[in-house]
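Written below as structure tokens is the structure these notes are about.
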Amino acid sequence: MKPIRFSAVILTAIIIIAQYACISTSGTKQAEKLIEEKDYQGAIDVYQGVVQSKPGTPDARQAQLAIGKLYIERMNQPEPGVQAYQKVTSAAPDSEEAAEAYYRLGVYYLKAKEYESAQKSFDAVINKFPNIELSHNAQLLLAKSYEEAKNYKQAAEIYDNFAQRNPQSARAAQALVNKARIQKDYL
């Protein structure tokens, strides 16, 4: 009798896990279809369903990132987009999704010419997640934000630091060129 009960428990667990995974997959596919149809609010509603049905999970954080991206890039509503990213960074500050949220916030602030906010966001990626590729991209954009803010000395230092930390990177040479250009033109 015990082997049958044990098998039933395992089978039930497998079914629950499969259904749980299907909610996320079907929700994401449905949202992507709505985005293709330019029904952005419908897609946000679907993503909100994922967030509510799977709170605290990577799927919920991915949905939150998608919400932020839709608001900022497609709907031209930056405030709710920024809030969506901030929810990710506060809910799971050490997660991969938080790194992406900080990065996307930095890009948004850089485009909006809010350089101090961009620098804080890029610093968060660089300092909290130093070993991921996004950190390298954030470092280059951090230098760009200082350059745009006319803090040329800091920009040159960051370009130089990037080249020293990543000598094998194809972008190291460009970072040194940027540093040299800044030194020639502004310092």
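The table for this structure:
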read-out: Prolate/oblate/rounded label for region 131-187 (Cα gyration tensor, a/c 1.5); value: oblate
read-out: Whole-percent carbon and sulfur share, accessible surface of the chain, 1.4 Å; value: 54 percent
read-out: Tensor-based shape of region 32-87 (alpha-carbon gyration tensor, a/c under 1.5 rounded, otherwise prolate or oblate); value: oblate
read-out: All Cα pairs of region 66-187, percent lying beyond 22 Å; value: 36 percent
read-out: Simple Cβ-charge dipole of region 28-187, Lys/Arg +1 and Asp/Glu -1, about Cα centre, in debye nearest 20; value: 400 debye
read-out: Unit charges on C-beta of K, R, D, E only; dipole of region 105-156, Debye; value: 80 debye
read-out: Mean Cβ neighbour count within 10 Å, used as a protection proxy, ranking 142-152, 125-135 highest first; value: 142-152, 125-135
read-out: Positive dipole terminus of the chain, leading residue within A170, Y47, S117 (C-beta point charges); value: A170
read-out: Mean separation of Cα contacts under 8 Å, 6 or more apart, over the residue count of the chain: relative contact order %; value: 10 percent
read-out: Pairs beyond 18 Å (Cα-Cα), from K87/K120; K29/K54; K54/K120; K150/K184; K153/K184; value: K54/K120
read-out: The chain - accessible surface per residue (Å², probe 1.4 Å); value: 60 Å²
read-out: Phi to ³J(HN,Hα) by Karplus 6.51 cos²θ - 1.76 cosθ + 1.60 over region 98-113, Hz, x for Gly, Pro; value: 5, 4, 5, 5, 4, 4, 4, 4, x, 4, 4, 5, 4, 5, 7, 6
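The values are calculated or read from the model by the stated rules, or taken from the named source; none is laboratory data. Values in this document were obtained by computation on a predicted structure and should not be read as measured data. Neighbour counts run over all protein chains shown; Cβ positions are idealised from the backbone, glycine included. Heads up: the accessible areas ignore ligands, DNA and RNA and are worked out on the full protein's heavy atoms, side chains in. Shrake-Rupley method; radii C 1.70, N 1.55, O 1.52, S 1.80 Å.
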